[in-house]
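Peer 1: Please see the structure below; I have some questions.
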Amino acid sequence: MHDWTLVSILFEWKSGCVTLEFKTHRSNSAKLTANGVSELHVPRLNDWGPSVSVNGVLGPSDGPSGRRELEVEMQSGDRIRIVAASFNFPPAPAAGWVFEACARGISAIWD
């Protein structure tokens, strides 16, 4: 997801669903969805300067509350953090993604 463009963040309050929409390297649309969201932190301080591009993604990992946590670091230096019951990732392209399956779920790291 490095260098993908963050287009929008939608929080459907009633259902507790958050959708992040991105444009990929090939200008395709890709969506990451979080279900059962209990926390959404979206700072926009631009400490490293303004940017709409993703620097990297960390997680999902197990949080102290037993829920899953995902962090999207933007090239602006801002870190979008989501705490949710589960995450649905965009389909993996042929290269650039590494998946690690484990008993607790799937962790994904993107180049």
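Peer 1: Can you pull the one-decimal nm distance between simple spin-label points at residue 19 and residue 85, each 7 Å off the Cα toward Cβ?
Peer 2: 1.9
Peer 1: Then there's this: Per residue of the range 57-69, what does 6.51 cos²θ - 1.76 cosθ + 1.60 with θ = phi - 60° give for ³J(HN,Hα)? Whole Hz please, x for Gly and Pro, Karplus curve as stated.
Peer 2: Values, residue by residue: 10, 10, x, x, 10, 6, x, x, 7, x, 8, 8, 10 Hz.
None of the figures in this text is laboratory data; all of them are computed from the coordinates on show. Note that the structure is a prediction, hence the values are computed from the model and not measured. Virtual Cβ from ideal backbone geometry, glycine too; neighbours counted across all protein chains shown.
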